[in-house]
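Participant: First the structure, then my questions, so here it is.
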Amino acid sequence: MKIDIITALPELVTGWVDNSILRIGTSKNLLDIRVHDLRDWTSDKHRTVDDSPYGGGPGMVMKVEPFAKAIRDLRTKDSVVIMPSPEGDVYDQSVARSLLTEKHLIFICGHYKGIDGRISNYIDRMISAGDFILTGGELVAAMISDSVCRLIPGVISDIGSANSDSFENGLLDCDYFTRPPVFEDHAVPKVLISGNHKAIENWRKQDSLEKTAQKRPDLIKKLKNKK
Ligand SMILES: C[S@@+](CC[C@H](N)C(=O)[O-])C[C@H]1O[C@@H](n2cnc3c(N)ncnc32)[C@H](O)[C@@H]1O
């Protein structure tokens, strides 16, 4: 999978790309991730990427031209151009799964009051991280890239681990424990050190179900409605 991230603050993203799971995917040639400086697509001496809003009011607006030019240069027939935005579809594991089938993702990262509204003519979709406001789109581009790329077989060493995480089967994952067997009077559930694989599997299923019913009853309802 190829990912291009267009941002006015490339250092914000490069540190994460170079130090996250994505570095492993890149070193195995499973990923090709490039971070681009939006200012490379400006044409004035000051490499301006923002301006004051028409109509006045507080805050600056990111200019449409540099983004439009960058998209034009990077887009191929396989590209999906994503703009992180509070007005987009709210991101979840099913959206991550759907993006996994794409060959090329391009992220454009807004700041301030956002990108000039005419950007909607140049993008394919908007994705929201949830009902809260971040300073810029970089964290959302990183969040989406991380959650999609870890599902590519080979990026993390055991894809079975990713496939059994929360939301993959509609439920929260069970609890996990490791050594020591007792820590400050707190013992791990006995069944997990019994060596009985069937019993361990049953305990995990039960823990996952109970936890979901208690913490996320909406997920159980969703599963029931699917049937
Ligand atoms: C301060 S926000 C702009 C908020 C915008 N004026 C609004 O109220 O909807 C700057 C940028 O951060 C990103 N951003 C902020 N919150 C986000 C969220 N919940 N989901 C996705 N992107 C978000 C978007 O790229 C946005 O253009």
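Participant: Taking only C-alpha pairs under 8 Å that are 6+ residues apart, what is the relative contact order of segment 1-99 in percent?
Facilitator: 23 percent
Participant: Quick one: among Leu31, Leu74, Leu192, which has the greatest mean-square fluctuation in a GNM of the chain with alpha-carbon springs under 10 angstrom?
Facilitator: Looking only at Leu31, Leu74, Leu192, the largest GNM fluctuation is found for Leu192.
Participant: Counting only C-alpha contacts under 8 Å and six or more residues apart, can you give the relative contact order of the chain as a whole percent? Each step should come with its number before you reach the end.
Facilitator: Values: 326 pairs, mean separation 45.5, N = 227.
RCO, the chain: 20 percent.
Participant: For the chain, find the longest principal axis of its Cα atoms and tell me its angle to the long axis of helix 64-74, 0 to 90°, nearest 10.
Facilitator: On a 0 to 90 degree scale, this one is about 70.
Participant: Just to check I understand the Karplus step: with θ = phi - 60° and J = 6.51 cos²θ - 1.76 cosθ + 1.60, what whole-Hz values come out for segment 27-41, glycine and proline as x?
Facilitator: 5, 8, 6, 8, 9, 10, 10, 10, 10, 10, 7, 3, 5, 5, 10
Participant: Radius of gyration and Dmax for the chain's Cα atoms, expressed in Å?
Facilitator: Using the Cα atoms of the chain, the pair Rg, Dmax is 21.6, 70 Å.
Participant: Using a 1.4 Å probe, what is the accessible area per residue for the chain, in Å²?
Facilitator: 60 Å²
Participant: OK, next. Would you mind checking the tilt of helix 197-215 against the longest principal axis of the Cα atoms of the chain, expressed as 0 to 90 degrees and rounded to 10?
Facilitator: It is inclined by approximately 50 degrees.
Participant: Now, a different point. Rounded to the nearest percent, how much of the accessible area of the chain (1.4 Å probe, protein heavy atoms only) is carbon and sulfur?
Facilitator: 52 percent
Participant: Please state the shape class of segment 179-227: rounded when a/c is under 1.5, otherwise prolate if a/b exceeds b/c and oblate if not, all from the C-alpha gyration tensor.
Facilitator: Because a/c hits 1.5 or more and a/b fails to exceed b/c, segment 179-227 counts as oblate.
Participant: Let me ask you something else. Taking the chain as a Gaussian network, where each spring joins two C-alpha atoms under 10 Å apart, which residue of Arg47, Arg39, Arg179 fluctuates the most?
Facilitator: Comparing Arg47, Arg39, Arg179 in the GNM, the peak value goes to Arg179.
Participant: Solvent-accessible area of Glu210, probe 1.4 Å, all protein chains present, reported in Å² to the nearest ten, please.
Facilitator: Probe radius 1.4 Å; accessible area of Glu210 about 100 Å².
The values are calculated or read from the model by the stated rules, or taken from the named source; none is laboratory data. Not measured: the values here are computed from a predicted model. Just so you know, the surface numbers come from the protein's heavy atoms only, side chains and all, with ligands and any DNA or RNA stripped out. Shrake-Rupley method; radii C 1.70, N 1.55, O 1.52, S 1.80 Å.
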